[in-house]
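Single-structure report; data block below.
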Amino acid sequence: MQAFASGKNDKQVCNELRVPLQSFYRLLRNLMEKTGTCDRIGLHVWALRQRQGRDSREAERHYKWRRRT
């Protein structure tokens, strides 16, 4: 997703991931199906929202696990 979001084209992302182009398209299709998005922009927005949700949950945690000494 980082390579995709940075504006790289499909071939550049495939080279970075070291996967064939058809496998990359299959991966995108599966991700869009699982997330309920219909295009790449929707997939990117979904990923950003998931990241924001995770960050806010981490900020709400105020407990710190410590070992007993």
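The values are calculated or read from the model by the stated rules, or taken from the named source; none is laboratory data. As the structure is a prediction and not an experimental result, all values here were calculated from the model. A quick note on method: Cβ atoms are made from the backbone with ideal geometry, for glycine too, and the neighbour counts reach across all protein chains shown. Surface areas here come from the heavy atoms of the whole protein model, side chains and all, with no ligands, DNA or RNA. Shrake-Rupley method; radii C 1.70, N 1.55, O 1.52, S 1.80 Å.
Of everything in the stretch 13-35, what is open to solvent by 100 Å² or more (accessible area, probe 1.4 Å) and not charged (D, E, K, R)? Give them in sequence order.
N15, Q22
Kindly list the number of the only condition in (1) at pLDDT below 90; (2) among the hydrophobic types (A, V, I, L, M, F, W, C); (3) under 14 Å from the mean Cα position of the chain (by Cα) that fails for M32.
Single failed check for M32: (1).
Does R51 satisfy being out of contact with any helix residue (DSSP H, G or I) (no Cβ under 9 Å at 6 or more places or on another chain), open to solvent by 80 Å² or more (accessible area, probe 1.4 Å), part of a helix (DSSP H, G or I) and modelled with pLDDT of 80 or more? Break it down into steps so the answer makes sense when it comes.
Working: out of contact with any helix residue (DSSP H, G or I) (no Cβ under 9 Å at 6 or more places or on another chain): yes; open to solvent by 80 Å² or more (accessible area, probe 1.4 Å): yes; part of a helix (DSSP H, G or I): yes; modelled with pLDDT of 80 or more: no.
The answer is no for R51.
Which condition from (1) assigned to a helix (DSSP H, G or I); (2) open to solvent by 100 Å² or more (accessible area, probe 1.4 Å) is the one that C38 breaks?
(1)
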